[in-house]
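Structure record follows, encoded as structure tokens.
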Amino acid sequence: MLRTRFLSVTAASLLVWLGSAAPAVSEPPAATVTVTSPAADSVHPVDSSLFVGWRNDTGQEVDVWLAQDDGAGGSQRLFKLASKASSKPTSELVTAVPAVPDGTDYTVEVTTRDTGVRGYSAPFEVGPVPAAGPVVGTGTGSGGAPGTSPSWVQAQDGHSPR
């Protein structure tokens, strides 16, 4: 009995010593999903195309939802925009904006199917696109009167759309 106790104490000491001498194994970083588009403060009319982009380092397929701020610091899912979307590290899709009330508190949620890792876009607006500033152009309008010409219109960024 004494011999058994000696071996168990020696074995336990050896295991503790070997355990502390082994190199530390770091845990892999937490998997993430990051929604890269739509852009913050962008405006998307109902039934228009909505481009959604994301980075996904989970390796899992994702579902894509249209969500809205619930007023209590969270969000409420409104419509599933895509199911079983790509599991690739960088992905995008085009979907139509569903019929929802105009508002500024919409986001896109991209969530993994198995683990629930999720990411949210920046808030954007659903509603009519704001009227652009004055149109700058050359030529004549209808009836030969000076004004804008549909053949040349300057874009807001100062470049011709051609």
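The values are calculated or read from the model by the stated rules, or taken from the named source; none is laboratory data. Given the structure is predicted, the values throughout are model-derived calculations rather than measurements. Side chains are part of the model used for accessible areas, which takes the heavy atoms of the whole protein and leaves out ligands, DNA and RNA. Shrake-Rupley method; radii C 1.70, N 1.55, O 1.52, S 1.80 Å.
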**Asked** Excluding ligands and nucleic acids, what accessible area in Å² is computed for residue 129 using a 1.4 Å probe, to the nearest 10?
**Response** 90
**Message:** With a 1.4 Å probe and all protein chains kept in place, how much accessible area does residue 125 have, in Å² rounded to the nearest 10?
**Reply:** 60
**Request:** Could you provide, to the nearest whole Å², the per residue accessible area of region 78-129 with probe 1.4 Å?
**Result:** 53
**Asked** Protein chains only, probe 1.4 Å: how do 32, 58, 112 rank by accessible area, largest first?
**Response** 32, 58, 112
**Prompt:** Taking 0.36 nm per residue of separation and subtracting the Cα-Cα distance, what length does fully extending residue 115 through residue 87 add?
**Reply:** 8.8 nm
